[in-house]
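The values are calculated or read from the model by the stated rules, or taken from the named source; none is laboratory data. All of these numbers come straight from a predicted model, not from anything done at the bench. Neighbour counts are summed over all protein chains in view; Cβ atoms, including those assigned to glycine, are modelled from backbone coordinates with ideal geometry.
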Amino acid sequence: MQTPRRVEHELTDKGYVPVYTTAVVEQPWDSYSPEDHDTWAQLFQRQQEILRGRACAEFLDNQRRMGMTANAIPKFADLNVHLQAATGWKLIAVEGLLPELTFFEHLAAREFPVTWWIRKPEQIDYISEPDLFHDLYGHVPLLMNPIFANYMQAYGAGGVRASTFGNEPLTNLTRLYWYTVEFGLINTPEGPRIYGAGILSSKGESIHSLESATPNQIGFDVRRVMRTRYRIDSYQKTYFVIDSFEQLFKATVDPDFGPIYYDLKGAESIPAGNVLDSDRVYQRGTGEGWPTDADV
Ligand code: HBI
Ligand code: FE
């Protein structure tokens, strides 16, 4: 594999995070080693078994429709044929985490940045930054769903606007992304199912989010979510459950986030594990073993 190019570390509200060059590159597919393809195959097969009956049908069906399999690391160009036809989205290859505004601008243009490199075998169970497996396996199938695809674009456009309003709106938006795109659950007639990529790409959290008595499961409310802090170094203390992707999309465009920031200005943030009287509680977590230091 070629070497990913990390350019600097940037201080954010999540501490120092690596930031990579903003360049869009060609996916260097020929540079993947047999070991890289094998890492993909192992992760893919393991998650397929765990996610049957746990991931939402929109994820599993679209993953199949796009032709993603364990056989080899997919070529972005092949997936793009399906994405273009379904929703007009396009995958672009990047070196890793992008500065926030660059990331938002891509989403607003219906381009999803995918880290082209895959983790090393010794990182199979945990890696602290997004790699190809997280980005591609976790995020990409739902971009085939028209409503979710529109949500992602609206989120990006909202991010571009928010970046001119200062820090507080950006923090609000980051929390929304975290608790939906990364760690969201969705109600189905068979019970809650996973749609968040951070869960879908994690063996442990796929089970924990649905089956453990530890975390809270609370009905989604955009203002509530935007005030809620989160964990970056452990399983989430709280998962927010949407009823439909329409509900998610409506929260972003109706009414364009602006009035929401105004309402939330100066509002106190909520610790990640707290349950409020106004919450629709599906599960009140036992909180067993929760870290007690501050959430992000
Ligand atoms: N860059 N490539 C990439 N992928 C992400 O998911 C990503 C990012 N930059 C910033 C970012 N996510 C977060 O700040 C989100 O909250 C927007
Ligand atoms: Fe992600």
Is it true that some residue in segment 154-169 is within 12 Å of the chain's Cα centre (by Cα) and of a type in the set (Asp, Glu)?
no
When residues of segment 132-165 are limited to those that are outside any helix (DSSP H, G or I) and surrounded by fewer than 23 Cβ atoms within 10 Å (Cβ to Cβ), the one nearest to ligand 2 (Cβ to nearest atom)
145
So is residue 172 outside any loop (DSSP other than H, G, I, E, B), surrounded by fewer than 22 Cβ atoms within 10 Å (Cβ to Cβ) and in contact (Cβ under 8 Å) with a residue 24 or more places away in the chain or not?
no
Among the numbered conditions (1) touching a residue at least 12 places away in the same chain (Cβ under 8 Å); (2) more than 13 Å from ligand 1 (Cβ to nearest atom), tell me where residue 98 comes up short.
(2)
Screening 267, 272 for residues that are assigned to a loop (DSSP other than H, G, I, E, B), crowded, with 19+ Cβ neighbours inside 10 Å and small (Gly, Ala, Ser) leaves only 272
Looking at 256, 293, 277 in this structure, which one is at pLDDT below 90 and over 21 Å from residue 173 (Cβ atoms)?
293
Is it fair to say residue 180 is hydroxyl-bearing (Ser, Thr, Tyr) and closer than 20 Å to residue 106 by Cα?
yes
Return the residues of segment 236-254 that are within 14 Å of residue 293 (Cα to Cα) and out of contact with any Lys or Arg (no Cβ under 7 Å at 6 or more places or on another chain); say none if nothing qualifies.
236
Residue check, residue 20 against (1) at pLDDT below 95; (2) under 30 Å from residue 191 (Cβ atoms), all met but one. Which one?
(2)
Counting just the residues of segment 118-131 that are hydrophobic (A, V, I, L, M, F, W, C) and within 16 Å of ligand 2 (Cβ to nearest atom), which one comes out nearest to the chain's Cα centre (by Cα)?
127
Enumerated helices (runs of 4 or more DSSP H) restricted to segment 183-246, each holding at least 2 residues that are without any contact (Cβ under 8 Å) to a residue 60 or more places away in the chain and not hydrophobic (A, V, I, L, M, F, W, C):
203-211, 222-226
Residue 121 more than 12 Å from ligand 1 (Cβ to nearest atom), farther than 30 Å from residue 5 by Cβ and not charged (D, E, K, R):
no
Note: among 207, 218, just one is over 24 Å from residue 108 (Cα atoms), buried (at least 21 other Cβ atoms within 10 Å of the Cβ) and modelled with pLDDT of 95 or more, namely 218
So which of 182, 205 is within 17 Å of residue 234 (Cβ to Cβ), more than 14 Å from ligand 1 (Cβ to nearest atom) and not polar (S, T, N, Q)?
205
Any idea how many residues of segment 88-105 are away from ligand 2 (no atom under 16 Å from the Cβ) and either part of a helix (DSSP H, G or I) or buried (at least 21 other Cβ atoms within 10 Å of the Cβ) (or both)?
2
Go through the residues of segment 3-17 one by one and say whether even a single one is farther than 18 Å from residue 143 by Cα, without any contact (Cβ under 8 Å) to a residue 12 or more places away in the chain and either touching a Lys or Arg at 6+ places or on another chain (Cβ under 9 Å) or in a loop (DSSP other than H, G, I, E, B) (or both).
yes
